[in-house]
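Undergrad: A single structure is presented below for examination.
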Amino acid sequence: MRLLLVEDDPMIGQAVLEVLRAEHYAVDWVRDGEMADAALRETAYDLLLLDLGLPRRDGLQVLRELRARRNSLPVLVATARDAVSDRVAGLDAGADDYVVKPYDTEELLARIRALLRRRAGHAGPVFEHRGVRLDPATHEAFQDGVPVALSAREWAVLEPMIARPGVIFSRAQLEEKLFSWKDEVSSNAVEVYVHGVRKKLGADLIQTVRGLGYLVPRA
Ligand code: CA
């Protein structure tokens, strides 16, 4: 899962970045509204964590422009503790939810997971398909009830496919889930992690669609 963090305060931004990376999200961090806008036009994110008070372009404006482009990306806005009017304005501008600063880390992560689940069309807290069960809250994987130790990147490759069986993910799309801008990406990285998942969960869980990418079959 790839997230865009928009936060101009360097201390808060760094702290949130570390929390998110520790949860194995691929995170890009920008510090002003124009950079945020550029990143959103450039990259397909899974979620946007958006501070509203930003230099160069207001967070609300970034959000309105995103929605004006009919982009339905899940958006979590961050507001100050007493700023009820900010929360209302954020939700009215198209945010899906908000968090209040200073962040409670556990709450932030839970709201992120909830939005990602909703986007994938799952009401429940886990992804389950073909005997494989992934719990995003704990990053545990099970096959027929037996725990399986997936690496963070094997997990990151598998999760979007398990969440949306039958949907083909291109190598580029899966790379976006794995890496943020500053990571070096080897050309066969996705193949390596798909191979790892197949070794642990069976060769036919992830199928290769020649020339297009990978999928987890629907049935
Ligand atoms: Ca700010």
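Bear in mind that the values in this text are calculations on the coordinates, not laboratory data. Nothing here was measured: the structure is a model prediction, and the numbers come from that model.
Undergrad: Give the percent of DSSP beta bridges with both residues in the chain that are antiparallel, rounded to the nearest 5.
TA: Values: 14 of 32 bridges.
Restricted to the chain, the bridges split so that about 45 percent are antiparallel.
Undergrad: At 10 °C and a viscosity of 1.306 mPa s, what translational diffusion coefficient does Stokes-Einstein give for region 127-215, taking Rh as the Kirkwood radius over Cα pairs? Give it in µm²/s as a whole number. Before the final figure, lay out the partial values.
TA: Values: Rh = 13.2 Å.
Translational D for this selection: 120 µm²/s.
Undergrad: If you stretched the chain out fully between A110 and R210, how much longer would it get, using 0.36 nm times the residue separation minus the C-alpha to C-alpha distance? Provide the component values of the computation, followed by the final result.
TA: Numbers: separation 100, 0.36 × 100 = 36.00 nm, distance 3.67 nm.
So the extension gain works out to 32.3 nm.
Undergrad: Could you list which residues have their amide H under 5 Å from that of V77, counting only those 5 or more apart in sequence or on another chain, with H placed in the peptide plane?
TA: Under 5 Å from the amide H of V77 lie the amide H atoms of L50, D96, D97, Y98, V99, each far enough along the sequence or on another chain.
Undergrad: While we're looking at this one, here's another question. According to the Kirkwood expression over distinct Cα-Cα pairs, how big is the hydrodynamic radius of the chain, in Å? Before the final figure, lay out each step's value.
TA: Working: mean 1/r = 0.0553 Å⁻¹.
This gives a value of 18.1 Å.
Undergrad: Can you pull the percent of Cα pairs in region 1-94 with separation above 22 Å? Kindly include the intermediate steps, with their values, before the conclusion.
TA: Details: 909 of 4371 pairs.
Above the 22 Å cut-off, region 1-94 has 21 percent of its Cα pairs.
Undergrad: Right, another one. In whole angstrom, note down how far apart the Cα centers of region 166-219 and region 123-148 are.
TA: Distance between centres, Cα-based: 18 Å.
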